[in-house]
Every structure is written in C-alpha cells, then in structure tokens.
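Q: Let me begin by handing over the structure; questions about it come next.
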Amino acid sequence: MRNLFIFVFLICASALNAQYYKTYDWESTPEQHTLNSYEQKESSVGVLKRKVVEFYQSDLTKSINIYETIHTITKVNDEVGIQRHNQVYIPMHRGSKLMNIKARTIAKDGSITNLNEDNIKQIENVEDYGDFEIFAIEGAQNGSEIEVLYTLEKEYSPFGTEIIQSNFYIKRAEMVYITNNLLGSIKTYNTEQEFERTYLENKLVEELVVTNIKPVAEEEYSATEANRIYVAYQCFGNPDITQELLWSNVVGNISQGLFPVQIQKVVIDEIRKNIMKEGEELSDFEKAARLDNFIKSNFTVVDNRNQQLEEIDYILQNRSASEIGILKVYAHFLVALKLDYEMVITANRYTHRFDPDYYNPNALREFLIYLPYIKQYISPNRIDYRVSEAPTNILGNNGLFINQELAYDFRKIVQSDPDYSHIVRNMDINFSEDFDNVIVDEYQEYYGHWGVQNRAYMALMTGDAKKQFEDYLTGSGIEGKNVTKLELENEDMNQTEYNLPYIVKSTIESSSLLQDAGGSYIFEIGKIIGIQSELYQEKERANPIEMQYPNQYNYEIIVNIPEGYATDGLESLVINKELIIDGKKLCYWNSSYEIKDGKITITIEESYRVNEYPIEKYEGFREVINAASDFNKAAILFTEE
C-alpha cells in the first residue's frame, strides 16, 4: 500500500508540473491581422514567430528531455510570399519525436483550410541536413494567413541556439525559455532586447519579445549571417557548472594528443627525408613552411566518423586523418622540429562571432595552429593556405589559444603585418598606327591573401572557371579583348619564402576601349583596371562594414601619346577620397597624373588599412569604394594637333 501511495503521489506531482506544450494552443476562432502600409508592401510578414524551449526532468527516471514548441502566423501578400511559405520542413534530428502538429490557412474571407495529417511525408537526409517531416500548405492566396503549431521532443543536450531574424519581415518574435528548476542561462546577440523573468501558467520562465524585425539584409562587405538576431542558451542538472569550467573542459578534451611528449621514429625519419636534412640550417619560418607543404602534399583530411582517423599510429601509416587527427600530425612534427606553437579554436566570422564570455559549441568549428615566434598561422584544414596570416574567414574573430603547458587565454585573431596583402600593377599602353586598337602590356605582383587565392584558383580550377579567372587577371570587363601573352610566375601553392608575390605578365589588345569621335578618339582608360565594386544602394545600411582583409593597390599606368595628338579630359583621372577615424586615415583613394616626354603617367594608390569599419562611417567608406568605380568611367580625348 505504501509503494502504491508513493507511485500515485509522483504521478500527481508530475501532472502538476506538466510540460507547457500540453496546455498551449492557438485561438479557436482566428481573426485576420491588420498590417500597416509598410508591411503591406512586403511579400510576407511574420505576424507571430514564437518558440518555447522547455527542459523537463522526469520525477520518476530523473532523465532530462527538451520540448520545443513552434508557433508561427505568417501573412502572405503576393505570389512570392506564397512560394516562400507554402512548404513546411520540420527537422527531425537524432532522437527527435513529433508530439503534436497542426496547421491551417485562414483566407481573407475568414474561411479555414486545415492540415490533413495524412499528407505529412517523411524524408531522409535532405541535402545532408538530416531527416525532415514535410507537408504542403493548402489554400493559400494573396492576403491569407498561414498558421503552424507543433512540438518536438528531443534528447537532452545542454546547449542550444535559436535564430530569431529571418529573410522576411517579422512583426513580433517571442522566445520562452523554461528550465523547471534546472540551472540554466540564456544570452541574446545583435539586439538590445533582453530576456525578462515572468510567470506562464505558474511556471517561472525567461521571455524575450522583439518587434518589427527587418529582413536580413544581404549587403556587400558584411557578415550578414553573424549579424542576425539570435539566442544561445545552456541548461544543466549540475549547479556547479560555470563558464570557466566549460572552457577548461574544452581545453582538457581537445588537447589530448595535441601536445605530445614522445615522438615516434617515423616522424623523425620523415623530417630527415622530406623536410630538413640533418645539419641543415633553416629559419623557423622555413621549417614551418616545409612542414606545411609536406603534410598538405602527403596527408588527406577525411570527413568520416571512423575513430582510427584520430589515432596517430593509424594516421602516420595510412596518411588519412580527421580534422582533429591532422592536428595531431602537425603537433608531432612541430615538437620534433622544436617549433613552439599554440592550438587555436575559433569560428568562421561570417557565421559566428566567438564570444569568450559565453560557451557555445556551435562557435567552435575552426582550428588553427599559431606560431608565436614568427606570428604566423598554419591552417590545417585549408588546402589553399600555407604558413601565413590567418585565413580571411577567421581574421578578426576571437579565438581560444592553448599553449604547450595547457594554459589558455582568449585573443582577437589579428594580422601582424599591416602590409601583408597588396597588389602592384604596372601598365604600359600604346595604340596601333591607325588608332583602332589599344595594346596594354601589364606586369602585376599579388602579395598576401591575393597571392594565396590566385595560386589556389589556378591550381584547383578547371574549364570555364579557370578561363574566367584568367580573364580577371588580364582586365575583366573589357569587351573583345584578345590576350596575346599570359605568363605566370611563383604559381606553386607550396612556397617556402615569406610572402612571395604571385606574378602575372600579360599583353592584351582591344578595340572596344576606343571610340571614334569624328577625327578625334575617346580612350576609355578607366576600363583597363577591370570591373570595380560599387556601393550605390538606396536603402539605409543595415550592417557594419567587414572587408575580407586589409589590402592596398598601387598602380602606375603609362599612356604613350601618339605623335601629332593632343589630350583633353585628364581631369577625370584625378580623384581623392579618404576616411579618417580618430585621427587615423583608415582607407583612401588617391589618383593623379603628370605629362612628360610624350607620356601620361597615372599613379593610383587605394588602401584599406583595417578590415572592420563602423556602420556610422559607412558614407565615408562608400565614397572611397566608389572612387574606383568612378575612375572606371574615366576617359581621355585624343585630338589631332
């Protein structure tokens, strides 16, 4: 009898503490929502986007499950909106279970079309994103509202993220976070709104409300995905877990095998045979460069869950490794070469901004090896990079740095050499005797990231893609261009000299750069620098400016004036724009010319000293960017004397 009483008591207690989704429901008699004039112009409007995340621990088994309830109401205003929302995909990750689902379409006249659950289909591994349940929305017309409500039960994971902002306008977004007395925390990003404590059906919850969320703005020079409004959260059964403890655990787990004490004989043999012969004197940079070249030429990184791909013995024998396994290979060789190094864990800055104050495993996707004495990085998983500054998708993000004593700290991943990436372009321009053709002899040097990217493009691309890149190297956008010479130097991706330039020597001919003006000729000189980026958007800028990397261009263009001709219109060659922030000139365009000995010598310097600029300085930045586009329109008039 006593056991029966306890069992009944636990059942009653569980009922009193029932999951929130069991009582949550939509309105039984829905009404159409009114949109303002701005919202009526959008193809679709998220009237409501509500997400409830509840961690629930069973009183009987003490196991923890997660219940995610999604409730959306979307008004579609035109065919684009209908196409955007007429299919619903529900991700069914491992262990997910659909607890309930319903959907309906409310027409402008109030008629309702409900979901027929028999039409729900199960699809496995959709484009490598996993399994989905999918169904079509029926009855949607212009002005209809589409309402969807469902709950998923998921296996417990202490970490999660939720993206609030979308590619369409959202009138009201809500997120409710329920831990049911488990220890939890939650943090918002890219919004001033914060979670507030409140009660829902006698449950203490954290609730976030964000209104009038504009669609994600796809803008040039921006980290659009990383700038979206999103939430990260944690929930634990253990009250003693802290952010510091989480980071310490990461260091302890990741570091296994990455700072070896004993080095295998096969590693020593490989070094003596392929990297550094006994008694050979090399700088630290040369050692690291040769090592990077050797590993990337002889080992393959495999996307596979095979545990052997993380075991150093197996890897050294079979020369195949996982992302973690290849780090172990580098570690063994670096120790054998007596090169100090630090392991770096970070994220792609275009998708996640690494936050040292809040542990988020979704932001731990990228690995680097930092060589502190030469202030350079090895990018183990990037076949295109050799020892260099950090790759462009990581540069500027924060990272977790772990040294050989397993001490760690957080740092911003910066470029140590401010002049690392730059382009030198020298052109010598002549005209055919009958003034119907332009001949351009050009010499170019690409340094830093420019050189890295060019080597990779030419080595890895084939067919039309390679032809398009050759077009870029010889002046993109010049119609009818005939390339009579194209020579490349320092093409090999395996380099051992610091920042060796990628050299391009070319000659092109084109008649499209000349326009006959009745005895005079217009030479569209601006086009010889190729198609340029331009920022002429009408909408207000939404994102801060993020360039790929700091870089600079230096041009010297010599135009040989045909004998017997005078020039006019040279004032279009003079453009000066600059952006000064806190007394520092951070980007600028300066172009000028001089005439001497029958030649016009044009000098251009375009520079971007940093890769991040505040949104408040967008107009000044835009003027500098557009200066190149303005020069692209410059022309010289030649008239007979």
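The values are calculated or read from the model by the stated rules, or taken from the named source; none is laboratory data. Given the structure is predicted, the values throughout are model-derived calculations rather than measurements. Cβ sites come from the backbone with ideal geometry, for glycine too, and all protein chains shown count toward neighbours. The protein model used for the area step is the full one, side chains on, heavy atoms only, and it has no ligands, DNA or RNA in it. Shrake-Rupley method; radii C 1.70, N 1.55, O 1.52, S 1.80 Å.
Q: Give the number of residues within segment 403-417 that are touching a residue at least 60 places away in the same chain (Cβ under 8 Å) and outside any strand (DSSP E or B). Working first, answer last.
A: Pass one, segment 403-417, residues touching a residue at least 60 places away in the same chain (Cβ under 8 Å): 403-404, 406, 408, 413, 415, 417.
Add one more test, that the residue is outside any strand (DSSP E or B), and what stays is 403-404, 406, 413, 415, 417.
Matching residues across segment 403-417 total 6.
Q: Name the residues in segment 574-612 that are surrounded by 15 or more Cβ atoms within 10 Å (Cβ to Cβ), within 36 Å of the chain's Cα centre (by Cα) and of a type in the set (A, V, I, L, M), would you?
A: The answer is 575, 579, 581, 586, 604, 610.
Q: How many of the residues making up segment 299-313 are in a helix (DSSP H, G or I) and among the β-branched types (Val, Ile, Thr)? Walk me through it before giving the result.
A: Of all residues in segment 299-313, those in a helix (DSSP H, G or I) come to 307-310, 312-313.
In the following step, the residues that additionally are among the β-branched types (Val, Ile, Thr) were identified as 312.
Of the residues in that region, 1 qualify.
Q: Here's a follow-up. Please go through segment 169-202 and pick out each residue that is open to solvent by 30 Å² or more (accessible area, probe 1.4 Å), within 30 Å of residue 37 (Cβ to Cβ) and not β-branched (Val, Ile, Thr).
A: 171, 172, 190, 192, 193
Q: Quick one: which residue in 228, 172 is closer than 24 Å to residue 46 by Cα, out of contact with any Gly (no Cβ under 6 Å at 6 or more places or on another chain) and assigned to a loop (DSSP other than H, G, I, E, B)? Write out each step before concluding.
A: On the way: 172 fails: assigned to a loop (DSSP other than H, G, I, E, B).
Result of the check over 228, 172: 228.
Q: Can you name the number of the only condition in (1) at pLDDT below 95; (2) open to solvent by 60 Å² or more (accessible area, probe 1.4 Å) that residue 489 fails?
A: Looking at each condition in turn, residue 489 falls short on (1).
Q: In the list 476, 506, which residue meets the criterion of being open to solvent by less than 40 Å² (accessible area, probe 1.4 Å) and either of a type outside the set (Gly, Ala, Ser) or assigned to a loop (DSSP other than H, G, I, E, B) (or both)?
A: Numbers: 506 fails: either of a type outside the set (Gly, Ala, Ser) or assigned to a loop (DSSP other than H, G, I, E, B) (or both).
The match here is 476.
Q: Return a yes/no flag: does segment 247-257 have any residue that is open to solvent by 20 Å² or more (accessible area, probe 1.4 Å), modelled with pLDDT under 95 and in a loop (DSSP other than H, G, I, E, B).
A: yes
Q: Consider segment 278-298. How many of its residues are open to solvent by 60 Å² or more (accessible area, probe 1.4 Å), touching a helix residue (DSSP H, G or I) at 6+ places or on another chain (Cβ under 9 Å) and in a loop (DSSP other than H, G, I, E, B)?
A: Residues that pass the stated criteria total 1.
Every residue, every condition in (1) open to solvent by less than 40 Å² (accessible area, probe 1.4 Å); (2) at pLDDT 95 or above; (3) under 28 Å from residue 169 (Cα atoms); (4) not in a helix (DSSP H, G or I), yes or no:
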{"position": "9", "(1), (2), (3), (4)": "no, no, no, no"}
{"position": "13", "(1), (2), (3), (4)": "yes, no, no, no"}
{"position": "45", "(1), (2), (3), (4)": "yes, yes, yes, yes"}
{"position": "54", "(1), (2), (3), (4)": "yes, yes, yes, yes"}
{"position": "68", "(1), (2), (3), (4)": "yes, yes, yes, yes"}
{"position": "81", "(1), (2), (3), (4)": "yes, yes, yes, no"}
{"position": "105", "(1), (2), (3), (4)": "yes, yes, yes, yes"}
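Q: Would you tally the residues in segment 213-246 being aliphatic (A, V, I, L, M), open to solvent by 20 Å² or more (accessible area, probe 1.4 Å) and over 16 Å from the mean Cα position of the chain (by Cα)?
A: Residues in segment 213-246 being aliphatic (A, V, I, L, M), open to solvent by 20 Å² or more (accessible area, probe 1.4 Å) and over 16 Å from the mean Cα position of the chain (by Cα): 2 in total.
Q: Please verify whether residue 188 is touching a residue at least 12 places away in the same chain (Cβ under 8 Å) and part of a strand (DSSP E or B), treating the condition exactly as stated.
A: On the way: touching a residue at least 12 places away in the same chain (Cβ under 8 Å): yes; part of a strand (DSSP E or B): yes.
Yes.
Q: Here is a follow-up. As an exercise: evaluate residue 119 against (1) modelled with pLDDT under 95; (2) under 24 Å from residue 157 (Cα atoms) and give the number of the one condition it does not meet.
A: Here residue 119 meets the rest and fails (2).
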